[in-house]
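Where a number appears in this text, it was derived from the coordinates with a stated rule and is not lab data. For clarity, every value in this text was computed on a predicted model and none was experimentally measured. Counting neighbours? That spans all protein chains shown, and the Cβs are built from the backbone with ideal geometry, glycine included.
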Amino acid sequence: MAKHSIMVIDDEKIVGDMAKLSFEQDGYEVETFLNGESALERLKERRFDVVVTDLKMKGVDGLEVLRTVKKLYPGVKVIMITAFANLDVAIEALRDDVHDFFPKPVKIKELKASVKRALGEE
Amino acid sequence: MKIEHKIYLSNAVHILLIVLIGMFALQNLNEILTKFRFTVIAEGLNANFLEMRLAEKNYFLYGDNEALSNIKIRIDQTRETLLQVRPDIIRAVGAQKYTTLQDQLYAYAQLVDSSSKASHRDGAVQQKLREAGQSLKTFSENITALESDRIGAIIVRSKNILLYSFWAVVLFAFLFSNLIVRNIGQSLRKVVDLTRTISTGNYRKIEENPSNDEIGAVINAINAMAEELHKREKEIVQSKRLASIGVLVAGVAHELNNPLNNISMLAQTYAEVYDRLSKEDRITFMERVDEEVERLRVIIHNLLDYAKPKEQHLAKATTNQVIQKILALVQNMLDVSNIRIKLILADDLPDIYIDEHQIQQVLVNMATNAIQAMGKGGELRIASRYLPDHDEIEIEIGDNGKGIAPEFLDHIFDPFFTTKEESGTGLGLWVSYGIIKNHQGNIRVASQVGVGTTFIITLPSCKKLKRCTDGEA
């Protein structure tokens, strides 16, 4: 069985680095991006099974990433993380069919569980 | 006095003047008419005397009784006329002269009565009669001439008075309307100044007691409006401050959550992949944790720094020197970005009483913003001027950069608000605003997208703060 691929987008480098380390240990293929623009470019080239993105980023933000993913790959689930624990934004994101929403600091175990649910493994 | 009343009064004075002049002219005309009637009478009298003397000559020439009775008839006629016009003559020349005339006529009549047909060649009688007649005629002619002269004098006088009063009315009208116009003009200018001051956010009242006229009512209304605006502004400032605290808390949460999350993820992953990590990897992990802690420390330090500004070290300073000092600080940025500098510094500025370090911080912040807004090339404009009306210094920092969109303009002084893509904390203008407010000054901003942005800082002069003589407070 081919590895599941995860796209992680966050302007905080540590988020991508740690997600990569942790998810790769569990046998996922992980690509990390530091901004929305480079992620969108990559999405034009290939599909990921799950997209984990930060909400608030300069330039292309998480909501735009979400819309693009839904447009290009309607079945792909998007998980949103943010340091802004703002419920209004969360509701807006959920309405746009976000799979899950995590305020920072993120519990990696919960994130992993969410990714699994997104992949239909549980 | 109300302007309305002033105009009524002016009109009343004008009407009064015109009525007076008219009455005077009428009186003169009446006088002239009377004099004219009198000269007609006097001419009649003169004609009588002339006829009398003609008859007298005939008597001397022919010595007949007819001529003599002719004289008598003329004398009677003259007497009658004299009696008829007695009031006129007395009014014109006085009773004494009338009596003299009557006496002379009486004497002349006596002479004629005592003359006879025989005596017409008598030299002495002739002489007496001639003298008496001549004297009567001359007297009468003199009166007529005198009255003609008087008529002339009255006409000249009327003409002069009409001329003078005409100019007097013109002058009065000019001076009065000038006075009213100047009065209204001054008051209106006051009103214009006041509204202009209010529009800059300085809710100053017109200090002197407003006059009890329409302008006074306008000034009262504006004063009341200024007071109301001032009250409202206070309320708005208060609610804005509360909103700012909300924005600040949200911003702080966001700023802190990122490094907290980083530490948390580092720790979780560390535990998870511990077995696979080399010694160096583990050290790197801990170093990255430490870096994030340092990041938190800096954020907290800055927040505390901003929230509780260090005690101010206030001292007298010279505005233009402060500007020159910050120019040295930003010179490098100007050179790198190829930005020209245009200084318009007034040389009559009074000193200010400031924490120079803080004000420099504000000016550097403004200049940096301006330079960043312009990118490569452009012109940084720094001007200083004195506002004598408020006894304040104004420092203007302008750029011809990209400008600030109107929807952002209301928020640029909010904490954590930034439009800078990479390098903004969103605290610079908020801090600047606080510093200037602490100095009892003000910051205003005007901006147009694509044209540029201008920040205007006002600071009270040291004189206004009564801090020109001492050093540190």
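The figures follow:
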{"read-out": "Test item: B:269-281 mean partner chain Cβ contacts at 10 Å", "value": "2"}
{"read-out": "Longest exposed-site-free window of chain B, the sites being GluC sites (Glu not before Pro) in a DSSP loop that have at most 15 other C-beta atoms within 10 Å", "value": "B:1-206"}
{"read-out": "In nm, spacing of pseudo-spin labels at residue A:25 and residue B:287 (7 Å Cα→C-beta vector)", "value": "2.1 nm"}
{"read-out": "Phi-based couplings in Hz for segment B:344-350 (Karplus 6.51, -1.76, 1.60; Gly and Pro marked x)", "value": "10, 9, 6, 9, 10, 7, x"}
{"read-out": "Note, ³J(HN,Hα) from phi for segment A:42-59, Karplus 6.51, -1.76, 1.60, rounded to Hz, x at Gly and Pro", "value": "5, 5, 5, 7, 8, 9, 10, 6, 9, 10, 10, 9, 6, 7, 9, 9, 5, x"}
{"read-out": "Relative pair counts by distance (%), Cα atoms of segment B:3-178, 10 Å bins", "value": "9, 28, 20, 14, 11, 9, 6, 3, 1, 0"}
{"read-out": "Residue A:71/residue B:466 FRET efficiency (R0 56 Å; Cβ-Cβ; nearest 0.05)", "value": "0.25"}
{"read-out": "Assigned charges on the beta-carbon of Lys, Arg, Asp, Glu; the protein assembly as shown dipole about Cα centre (debye)", "value": "2640 debye"}
{"read-out": "Filtered GluC sites (Glu not before Pro), segment A:1-69: DSSP coil and at most 13 other beta carbons within 10 Å", "value": "none"}
{"read-out": "On Cα atoms only, tilt of B:279-307 relative to the major axis of chain B in degrees", "value": "20 degrees"}
{"read-out": "Helix B:214-273 axis, angle to chain B major axis (alpha carbon atoms, nearest 10°)", "value": "10 degrees"}
{"read-out": "Whether segment A:5-119 is rounded, prolate or oblate, judged on the alpha carbon gyration tensor where a/c under 1.5 counts as rounded", "value": "rounded"}
{"read-out": "For segment B:361-371, Karplus couplings with θ = phi - 60° (6.51, -1.76, 1.60), whole Hz, Gly/Pro x", "value": "4, 4, 5, 4, 4, 4, 5, 4, 4, 4, 5"}
{"read-out": "Proximal charge balance of residue B:345 [Cβ under 12 Å; K/R count +1, D/E count -1]", "value": "-1"}
{"read-out": "Placed amide H near residue A:81: partners under 5 Å, 5+ positions off or other chain", "value": "A:53, A:54, A:55, A:102"}
{"read-out": "Relative pair counts by distance (%), Cα atoms of chain B, 10 Å bins", "value": "3, 12, 13, 12, 8, 7, 6, 5, 5, 5, 6, 6, 5, 3, 2, 1, 1, 0, 0"}
{"read-out": "Rg over Rh, two decimals, the protein assembly as shown (C-alpha only, Kirkwood Rh)", "value": "1.57"}
{"read-out": "Within chain B, helix-based [θ] at 222 nm, where runs of 4 or more DSSP H residues each add -39,500 (n - 2.57), nearest 500", "value": "-25000 deg cm²/dmol"}
